[in-house]
Every structure is written in structure tokens, then in C-alpha cells.
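Notes follow the structure.
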Amino acid sequence: MLGEKIRKKRMEKNMSLKDLAESTDLTASFLSQVERDLAEPSITSLRKIADALEVPIFYFLLDNSNTSPVVRRGERKILKFPDTHVVFELLSPDLNRQMEIVMGRLEAGAASCDELLSHPGEEFIYVIQGKMEITIGEETYVLNESDSIYYFAAIPHKLVNVGEEELVFLSAITPPQF
């Protein structure tokens with residue numbers, strides 16, 4: 001299924017395997033095996049493929065067969081990156097929109113990442129529970145329950161749970177990054 005999605009998106013972009021290989025620094029033979037589901041790409045390789053095909057990485061990982069505009073509590077897609085403490089629940093129906101809405105959860109004392117990270121677009125965060133420290137570039141802000149922040153995500157940023165309980169927050173990101 002993963003390989004089929006990659007091949008379909010590559011064909012939509014009118015790219016050959018050679019074109020995709022050149023854009024990702026992966027070999028055409030490896031990409032061919034991935035498309036035929038004979039090999040599984042690492043997260044790093046999948047991110048390169050997603051970047052080259054101009055889609056969020058989770059475009060390839062989520063089952064988007066349900067097209068309902070309603071997302072039920074028990075039917076949310078869980079998004080978790082390796083080597084991170086943040087768990088995201090996708091609140092928007094899929095990743096084929098101009099904006100994505102996620103609920104993030106971060107355990108007490110944990111950070112979203114080791115170093116400040118950036119991505120294209122804009123982001124809005126609303127703190128539902130807990131206490132968040134967010135660093136955006138050179139500035140650091142502390143947000144409590146019911147506080148919010150809006151920033152340009154191209155500026156490197158990082159979240160830290162500085163409270164004693166789980167941090168729960170709502171985030172709206174445009175364009176979609178997952």
C-alpha cells in the first residue's frame with residue numbers, strides 16, 4: 001500500500017524513478033523496490049521521498065479511505081515521530097487540506113525535540129492543559145492553560161512541558177506538515 005501511494009504520487013507529478021532518485025539521493029532500484037513493496041524505506045528516506053513529491057510524510061502512512069468531514073474521538077489517527085516525546089492526534093479528517101489540526105500531548109519535563117526545528121508555514125497553539133514553554137528563535141514564552149500563540153513556523157521553535165502534569169495542546173498548522 002505504501003509503495004502504491006508513492007508510485008501514484010510520483011506519476012501524478014510526471015516524475016520518472018530516475019527523477020525521484022536524483023531528488024532524494026536514493027537509488028532508482030531502491031525506489032523501485034519500495035514502490036513494489038519489496039523494501040521498506042526508513043523514516044529518513046520516506047521524508048526525502050515526501051519532500052521530493054511535495055507532500056507531508058504522513059500522506060503515505062495514513063489510510064485516507066474515510067472521507068467523512070467528522071472525526072470521532074475514538075477514530076483519530078495517532079501521529080508519533082521516532083525519537084520524540086510528543087504524541088499527536090489528527091483532528092482534521094485527513095492531510096489533503098490547506099490546514100491540519102492536531103492535539104498534542106507531552107509528558108511532564110519532556111521537550112518536543114532536542115534542538116529547535118522549523119518548517120514552512122504558520123502555526124497556532126492553544127494550551128488546553130498544563131504549562132508550556134515555547135522558544136521561537138531567540139524568544140522564550142511560557143503559556144498556561146487557555147493561553148495561545150501564533151507564529152511563523154519557519155523560525156526555529158521548540159516546546160517544553162514545564163508543568164507537573166501532562167501538557168495537552170491544540171495546534172493548527174498551514175500548510176500541513178505531517
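Taken together, the values in this text are just the output of simple stated rules run on the coordinates, not laboratory data. Please read these numbers as outputs of a predicted model, since none were measured by experiment. Neighbour counts run over all protein chains shown; Cβ positions are idealised from the backbone, glycine included.
The charge dipole of the chain, taken about its Cα centre with unit charges on the Cβ of Lys, Arg, Asp and Glu (plus for the first two, minus for the last two), comes to roughly 840 debye. In the chain the longest region clear of GluC sites (Glu not before Pro) that are loop-assigned by DSSP and have at most 11 other C-beta atoms within 10 Å covers 55-114. Cα centroids of the range 32-51 and the range 87-108: how far apart, whole angstrom? Cα centres, the range 32-51 to the range 87-108: 23 Å. Across the cross-link table entries Lys18/Lys158; Lys77/Lys131; Lys13/Lys158; Lys80/Lys131; Lys8/Lys77, which are compared at the Cα atoms, the separations over 30 Å belong to Lys18/Lys158; Lys13/Lys158.
State the Cα centre-to-centre distance between the range 136-161 and the range 1-28 in whole Å. For the range 136-161 versus the range 1-28, the Cα centre distance is 36 Å. Note on Leu170/Thr27: beta-carbon distance plugged into 1/(1 + (r/R0)^6) with R0 of 41 Å gives a FRET efficiency of 0.50. Comparing Val168, His85, Val55 along the charge dipole axis of the chain, the residue lying farthest to the positive side is Val55, per the Cβ-charge model.
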